[in-house]
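The values are calculated or read from the model by the stated rules, or taken from the named source; none is laboratory data. Small disclaimer: the values here were computed from a predicted structure and weren't measured. Every residue, glycine as well, gets a Cβ built from its backbone with ideal geometry; the counts of neighbours run over all protein chains shown.
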Amino acid sequence: FDDLAGSLERMETIIDDLETLAKSGKSVESTEFLSLGDAVETAARHLQTGDATITIEPDGQIRADRGRLLSILENLVRNSVDHVGPTVSITVGVTEDGFFFEDDGPGIDADLSRLFEYGYTTSSEGSGLGLSIVRTMAESHGWSVRVDPDHDGARFVVGGAGMDNEGQAGLARGLNVDA
């Protein structure tokens, strides 16, 4: 029964991921300024994150479609928890033209040229859709997403996002998500 329950949960995740791609793969039509920190907190609450610690440092406003931004963040959080474990420490913050998402894990032990391909995974539990969804949702905004290969853990950098960081420098807040 445990194996069956695990298989059903995996199938549900794959179906949800495919549904996200089918509904949202087109270009974004309308955006609004959203707090990156609030979006990260909302995304983390949608997931079972164990004792993951998430720090927003610094926070800023991002011009985005709310649902697609949440999809990006949910998939990045899930990826960190799945690959590092439930006690992962995640930091998210603004950059000059976007934001970064990083964790304190061992880094990415995968073919970086294939990392965002549909179906590519290094985990027997993974669907290979999470990071392809991240890329698709970012590109639907006109953004780019890349991995910083020089970071000690995993670090994803989203560029080309419309940020409003006036008055935001130095703002930081922590979030310990225990869902």
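If you check THR13, THR42, THR20, which single one turns out to be under 25 Å from ALA161 (Cα atoms), at pLDDT below 85, of a type in the set (Val, Ile, Thr) and in a helix (DSSP H, G or I)? Write out each step before concluding.
Details: THR13 fails: under 25 Å from ALA161 (Cα atoms); THR42 fails: at pLDDT below 85.
Being under 25 Å from ALA161 (Cα atoms), at pLDDT below 85, of a type in the set (Val, Ile, Thr) and in a helix (DSSP H, G or I) holds for just one of THR13, THR42, THR20, which is THR20.
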Discussion item. Can you say whether ILE62 is over 14 Å from the mean Cα position of the chain (by Cα), under 20 Å from GLY153 (Cβ atoms), in contact (Cβ under 8 Å) with a residue 12 or more places away in the chain and crowded, with 18+ Cβ neighbours inside 10 Å, as far as the supplied structure shows?
Written reply: no
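From the list GLU57, GLU96, GLU117, exactly one residue is at pLDDT below 90 and within 15 Å of GLY37 (Cβ to Cβ). Which is it? Reasoning before the result, please.
Details: GLU96 fails: within 15 Å of GLY37 (Cβ to Cβ); GLU117 fails: within 15 Å of GLY37 (Cβ to Cβ).
Going through GLU57, GLU96, GLU117 in turn, just one is at pLDDT below 90 and within 15 Å of GLY37 (Cβ to Cβ): GLU57.
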Worksheet entry | Subset of segment 43-59 (residues that are surrounded by fewer than 24 Cβ atoms within 10 Å (Cβ to Cβ) and over 24 Å from PHE116 (Cα atoms)) | ARG45, GLY50, ASP51, THR53, THR55, GLU57, PRO58, ASP59
